[in-house]
1. Which one of these is closer than 20 Å to M58 by Cβ and surrounded by 21 or more Cβ atoms within 10 Å (Cβ to Cβ): I272, I301, I276, I285?
2. For segment 320-338, does any single residue satisfy the condition of being under 30 Å from W204 (Cβ atoms), in a loop (DSSP other than H, G, I, E, B), hydroxyl-bearing (S, T, Y) and touching a Lys or Arg at 6+ places or on another chain (Cβ under 9 Å)?
3. Inside segment 409-450, can you point out the residues that are surrounded by 21 or more Cβ atoms within 10 Å (Cβ to Cβ) and either basic (K, R) or not assigned by TED's automatic domain parsing to the domain that holds A380 (or both)?
4. Would you be able to tell me the number of residues in segment 165-182 that are at pLDDT 95 or above and crowded, with 18+ Cβ neighbours inside 10 Å?
5. Considering only segment 474-500, how many residues are at pLDDT below 95 and under 22 Å from the mean Cα position of the chain (by Cα)?
6. Could you check, for segment 345-355, whether at least one of its residues is out of contact with any Cys (no Cβ under 8 Å at 6 or more places or on another chain), surrounded by fewer than 20 Cβ atoms within 10 Å (Cβ to Cβ) and within 30 Å of F150 (Cα to Cα)?
7. Select from segment 369-421 the residues that are within 23 Å of the chain's Cα centre (by Cα) and basic (K, R) and list them in ascending order.
8. Over 30 Å from W110 (Cβ atoms), touching a strand residue (DSSP E or B) at 6+ places or on another chain (Cβ under 7 Å) and not hydroxyl-bearing (S, T, Y), is that true of N454?
Amino acid sequence: MNRISKKYKLLALMAGTLWLTSCSDFLNESDPSNFTVENYFTKPEHARSSVNAIYANMRVPLNSGFGGGAWMMTEFSTGLAATDLGQAVNSYFIKDLKNTSDNGYGQTYWEFYYKGIGNANLSISKIPTITMDATEAKKLMGEAYFLRAFYYFNLVQMFGNIPLITEPMSLQSEQLKPAAVAPEEIYKLIVEDLKTAEASGLSWADATGKVSLGAVKSLLAKVYLTMAGYPLQKGAAYFDLAAKKAEEVIDSKQFKLFTSYDDLHNPAKKNIEENIFMIQFKTQILPSNWQVSIVPYNKNISQYSDETGGIYSTADFVKSYDPADLRAKEKQFFFTKFTNEKDRNQVVDLGGYFIYKHFDNVAQTSTANSDLNWPVIRYADVLLMYAEASNEVNGPSAKAFDAVNATRTRAQLPNLTGLSKDQLREAVWKERWYELCFENITWFDMVRLRKAFNVTTKQFDDYVGHKFSYGPVITQRELLFPLPTSEVRNNTNLKQNTGY
């Protein structure tokens, strides 16, 4: 944890990055123009900038290139992703179920999500000391609590027993080498943080991309749904909480499904309608850079100089869609052909099913500078969470069918009707696999359900023992990712996850 704690007092701010640094120890006198934690939090704008800093670390795992990208970690672990990028060894270790604690993807999540938590702790601690409008301060605190919950929710699902840190840290902190706590304690804080954010006065939606009440309630629904399943197995009471919280989002009528899948990767549709919460990027300032990873390896279709072929769907998964499903049609969720970058009248066969739902047409064909955000919570996810959770509590209902059928209608599939509770349960799971694929969601579903989708039988296997279509078989150890080697080595209070 040393690497993490040393960086906690630095805030990597959003556009127009401002770094807060302490004076060097060897100086006898401090320069009053230098910002330190002690002298920085004095104005309302300092509160805003400190909260902006918490968002920044969400972007880091999406960095992509010839070494792959950390965001691919939870995609290759589903068995539904393929790659042609030979030097991205971290991808192959996960894809082939031979992962180790030296994997840089896990290190990236651990390091930068804990930095996000550190920045959140700092804001939560210091904003109340600033003389400013009380309503605005409460909203800013709500954003900070939401973001801390987001980081912890992802970390506890990925790594299991992890350190729980809620106070700002420095080199003088006693908790430089904290012990891990059980997931139950992490989830307790996550729920508390989200409830605090829920009561902070945030607006239902925010077109600028900041945390909104819709985002808070949606994430809380997902947290409850996860707590209902594995590893906590809290069951019916938490399915009920999840259903009610998702229902609040639905009944607010603040969000709606896009009519076209093209809107999923249309920069003009960032942070509105279906996009409840996203990781923010901005062309020419902070351009999104996963574009190089979702185009085929050196097929000369893109204006980007790096065409890495870093990740695409297995053919088996795409072919498992219903033949009538619009999502599996060309240039809906996937694409198999594109035009040559020197002659747009020449069509190139790509040799695989590449990910179109994240494809920036303008950047790929002209600017090589993407303006797309990354989706974190879509309204489609909320609808499917409601359908799943309400079915577990009350069995099939008209509203549950309406929720799942909304995504099916857009996919040009017939409505589900007359299903039993067990049949509806698996129908909703399947809809989640098909609708939310390649959005860093499916692996988390697999672990909370202890189920995996078999693309051959189109049924669900037990997670442990499930065989990927290309051969590897999931074992018990794949319920978690390994703690990074450097963290376990430097902190003897941490214990490596079983099997790594």
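The values are calculated or read from the model by the stated rules, or taken from the named source; none is laboratory data. Predicted, not measured: the structure shown is a model, and the values here were computed from it. In this analysis, Cβ positions are derived from the backbone assuming ideal geometry, glycine residues included, and neighbour counts consider all displayed protein chains.
1. Details: I272 fails: surrounded by 21 or more Cβ atoms within 10 Å (Cβ to Cβ); I301 fails: closer than 20 Å to M58 by Cβ; I285 fails: surrounded by 21 or more Cβ atoms within 10 Å (Cβ to Cβ).
Matching residue, one of I272, I301, I276, I285: I276.
2. First, the residues of segment 320-338 that are under 30 Å from W204 (Cβ atoms): 326-327, 332-333.
Still in the list and also in a loop (DSSP other than H, G, I, E, B): 332-333.
Checking which are hydroxyl-bearing (S, T, Y) leaves us with none.
No, segment 320-338 has no match at all.
3. R432
4. Qualifying residue count for the region: 2.
5. 0
6. No: segment 345-355 contains no residue that is out of contact with any Cys (no Cβ under 8 Å at 6 or more places or on another chain), surrounded by fewer than 20 Cβ atoms within 10 Å (Cβ to Cβ) and within 30 Å of F150 (Cα to Cα).
7. Within segment 369-421, R378 is the sole residue that qualifies.
8. Working: over 30 Å from W110 (Cβ atoms): yes; touching a strand residue (DSSP E or B) at 6+ places or on another chain (Cβ under 7 Å): yes; not hydroxyl-bearing (S, T, Y): yes.
Criteria met by N454.
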